[in-house]
1. Specify which of the listed residues (GLU362, GLU309) is part of a strand (DSSP E or B) and in contact with a Lys or Arg (Cβ under 7 Å, 6 or more places away or on another chain).
2. Evaluate the following for THR48: is it in the same structural domain as TYR326 (by TED's automatic domain parsing) and at pLDDT 95 or above?
3. Scan (1) closer than 30 Å to ASN218 by Cβ; (2) free of Cβ contacts under 8 Å to residues at least 40 places away in the same chain for the single condition ASP328 breaks and write down its number.
4. On the basis of being assigned to a helix (DSSP H, G or I) and without any contact (Cβ under 8 Å) to a residue 40 or more places away in the chain, does ILE39 make the cut?
5. Considering each of GLY185, GLY140, GLY133 in turn, give the residue that is crowded, with 20+ Cβ neighbours inside 10 Å, in the same structural domain as LEU336 (by TED's automatic domain parsing) and at positive phi.
6. Within segment 432-453, track down each residue that is over 30 Å from ALA298 (Cβ atoms) and either among the basic types (Lys, Arg) or not assigned by TED's automatic domain parsing to the domain that holds THR383 (or both).
7. Return the residues of segment 322-339 that are surrounded by fewer than 24 Cβ atoms within 10 Å (Cβ to Cβ) and out of contact with any Leu (no Cβ under 9 Å at 6 or more places or on another chain); say none if nothing qualifies.
8. What strands (runs of 3 or more DSSP E) completely inside segment 377-430 contain at least 1 residues that are farther than 30 Å from GLU165 by Cβ?
Amino acid sequence: MLLIFAALLMLSCKNENTASITTVSDLEVYTDSLFQTSIDSAQIAGGTILVFQKEQMLLNKSYGYASLELGTPMPRNGIFDIGSVTKQFTAAAILKLVEDGKLSLDADFTKYLDFDTKGRKITIAQLLDHTSGIGQAPDGKDEFTQMTFDEFPHKLTVQLAESKEFLHEPGEALIYNNVAFVFLGLIIEKVTGQTYEDYLEVAFFEPLKMNSTSFGSNTKVVKNKVNGYNYHPEGLQQMTYLNYFIPYSAGSLESSTEDLLTWTQALHSGKVLSESMYQSMITPGQLNDGTPVSYAKALANFSNYGHKEISHGGAIAGFSSFVQYYPDDDLYIITLINTIGPKKTGRFFGYEIAWKLLDKKEYVQGQLDFDANAIQGTYTGQTRGGKDSDGKQSIEIKSIKNGITRQVKGEEKIDTLKVYVGNNTWMDGNDKITIKNNEYRADKIYNYYILKKEIE
């Protein structure tokens, strides 16, 4: 059935030659316009982008301001907080320790870190791929404030998370989990006897000569470190204070586009991990019921409109980042933005450039082959950032002519799912929605939700 479904997906793609950039100068002109428009409209303070393909640097350029207050232009190799792009360094560190025989991916993580799982076994691997089900922390303003002024907030995370209800049973869903990656950083420290920062420095940054990459700090003077800003409709604002030990090994590194190119190339060419550990890092696994997912270990790995993409983004106070690698196209795009906002993120700029260089193969709507009335109803389950107080979300599905509509409880917006690809499945961009057997299943790349139908 999976092979038939995959064939249907391939057949439902139409080749649409969206790539319109034919020269390096065309790429630069387009990118200049893209960034300048965003800067002039106060969507972002600035950013830097690097595009590298087939041993050629197509673009390596900075835009806007490193400091709005001083009017300081963005340096070419500015240093930005990279948020959750940090996670791939944490994952690589764990896998390197597995290589060295100091850890096992199948081991219960409580062998290395005291935590009450209420009788559940949670493996190191399940921390890495967001299937652990551990509750989120900090949860709410009060906990965030408590952690901000705590001397060791990364250790406080363990205490706070221990008191939370599990989001789901281990392996039954994939819900993006920062707490799990904080735990992994603590495990690295426990196993190595070094700080997380020191281990990464010795294992990766020094050997690869990544001189612009380090753990974030509110006190160190770092040459070329740019200021961060938050988007506001009335004008950009200074980023809020961040204690870097809150995101810790889930999101506290800072780096530059050139260092991240060095890292990405080294990772994908066998210079960081053994072949078996590398494959473990980039290969998505399955849920307990055998359902394949699109997220591996700190890296998404999926077909993006016909192109294999291995990538990860980051968003943290004042900064947004996105690192894209297209192995079949030998293409790297690295985007760092010193503003966090709702639209003009690193992901936005990265994809705008990608689809000027690559042919985007859109999905084509197929004909419904079942009675959609059978799936009408309300589906409820755990999601990341669900609307209900317990983090759950309810979605109402209604049948219309040749399709269905979807409405999230508590929202006015009603979506029409148009791109049907067979097997009770719709594509919503790259999100894959399957509704059958009284379940609403959403593969959203970084998350895989399973909502159950409410039976009257």
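1. From the options GLU362, GLU309, the qualifying one is GLU362.
2. no
3. The single condition ASP328 does not satisfy is (1).
4. In short, yes.
5. Exactly one of GLY185, GLY140, GLY133 is crowded, with 20+ Cβ neighbours inside 10 Å, in the same structural domain as LEU336 (by TED's automatic domain parsing) and at positive phi, namely GLY133.
6. Across segment 432-453, the qualifying residues are LYS436, LYS453.
7. Across segment 322-339, the qualifying residues are PRO327, ASP328, ASP330.
8. 392-400, 403-408, 415-417, 419-422, 425-428
The values are calculated or read from the model by the stated rules, or taken from the named source; none is laboratory data. Since this is a predicted model, take the numbers as computed values, not measurements. Here Cβ is always computed from backbone atoms with ideal geometry, including for glycine, and neighbour counts include all displayed protein chains.
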